[in-house]
Amino acid sequence: MYFEEGKDLGLKENIQSNFLKTVSAYANYHDGKIIFGIKDDKEVIGVSDVEKGRLSIENAINDNIFPRPTFLLGVERFEEKELIVLKVFKGNHPPYQYKKKAYQRQDSTTVEVDNISLQL
């Protein structure tokens, strides 16, 4: 399996708050997936404590994205390593904001958008 970051797939080495911008982007525009445990160079390193990681991701989304988006958290094994897979669904009540800002996915990057862009 080859992982290629793009419009509907984000790859993260570890769990840091910057993934919340991508959650906002997917909830605002289209379904997307974020896989935790993969480095920028596509090396699969896994997540050392998946249960703690899942709880951290869930709490971060619930505490920081408003309104709260619909998402699923799962664990997949790849090359004997465990990855956390976060699936975010396009919501019915945009804008979904992180720190009072809304985001959009453009290819493999996440960018801030203004309210006019959200209404298009």
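Just so you know, all these numbers are worked out from the coordinates, no wet-lab data involved. As the structure is a prediction and not an experimental result, all values here were calculated from the model. All Cβ positions, glycine included, derive from the backbone under ideal geometry; neighbour counts span all protein chains shown.
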**OP:** Rounded to whole Hz and in sequence order, give me ³J(HN,Hα) for the range 41-58 from the Karplus expression 6.51 cos²θ - 1.76 cosθ + 1.60, θ = phi - 60°, writing x for Gly and Pro.
**Re:** 7, 6, 5, 7, 10, x, 10, 5, 10, 5, 5, 5, x, 4, 5, 4, 5, 4
**OP:** Using a cut-off of under 11 Å, list every residue of the range 50-73 whose amide N is near the label point 7 Å from the Cα of residue 85 along the Cα-to-beta-carbon line.
**Re:** 73
Original post:
How long is the gain from residue 30 to residue 51 if the chain were fully straight, where each residue apart is worth 0.36 nm and the alpha carbon distance is subtracted?
Top reply: 4.9 nm
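For the range 68-108, run through the trypsin sites (Lys or Arg not before Pro) and keep only the ones in DSSP coil with at most 16 other Cβ atoms within 10 Å of their Cβ. Don't skip to the end; give the middle numbers.
Details: sites: 77, 81, 87, 90, 99, 100, 101, 105; in loops: 90, 99, 100.
Listed in order of number, the matching sites are 90, 99, 100.
Please express the shape of the chain as an equivalent ellipsoid: the semi-axes are the square roots of 5 times the eigenvalues of the C-alpha gyration tensor, given largest first in whole angstrom.
Details: eigenvalues 121, 46, 23 Å².
For the chain, the ellipsoid semi-axes come out as 25, 15, 11 Å.
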**OP:** Go ahead and run the numbers for FRET between residue 106 and residue 41, Cβ-Cβ distance against an R0 of 25 Å, rounding to 0.05.
**Re:** 0.70
Original post:
So how far apart, in nm, are the two label points at residue 92 and residue 64 if each is 7 Å from Cα heading toward Cβ?
Top reply: 2.8 nm
**OP:** Note down the nm distance, to one decimal, between modelled labels 7 Å out along Cα→Cβ at residue 72 and at residue 3.
**Re:** 1.9 nm
**OP:** Indicate, rounded to the nearest 5 percent, the antiparallel portion of the DSSP beta bridges found entirely in the chain.
**Re:** 85 percent
**OP:** Name the residue farthest towards the positive end of the dipole of the chain from the options 55, 103, 85, assuming +1 on Cβ of Lys and Arg, -1 on Cβ of Asp and Glu, about the Cα centre.
**Re:** 103
Original post:
Taking the chain, how many lysine pairs are there with alpha carbons less than 18 Å apart, if each pair must be eight or more places apart or span two chains?
Top reply: 27
Subject >> Placed amide H near residue 113: partners under 5 Å, 5+ positions off or other chain >> reply: 102, 103, 104
Subject >> Positive dipole terminus of the chain, leading residue within 67, 25, 36 (C-beta point charges) >> reply: 67
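Could you give the size of the charge dipole of the chain about its Cα centre, using +1 on the Cβ of each K and R and -1 on the Cβ of each D and E, expressed in debye and rounded to the nearest 20? Can you show the working numbers first?
On the way: 17 positive and 19 negative charges, 108 e Å.
Its charge dipole is roughly 520 debye.
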Subject >> With Cα atoms, 0 to 90° folded angle of helix 19-29 axis to the chain main axis >> reply: 50 degrees
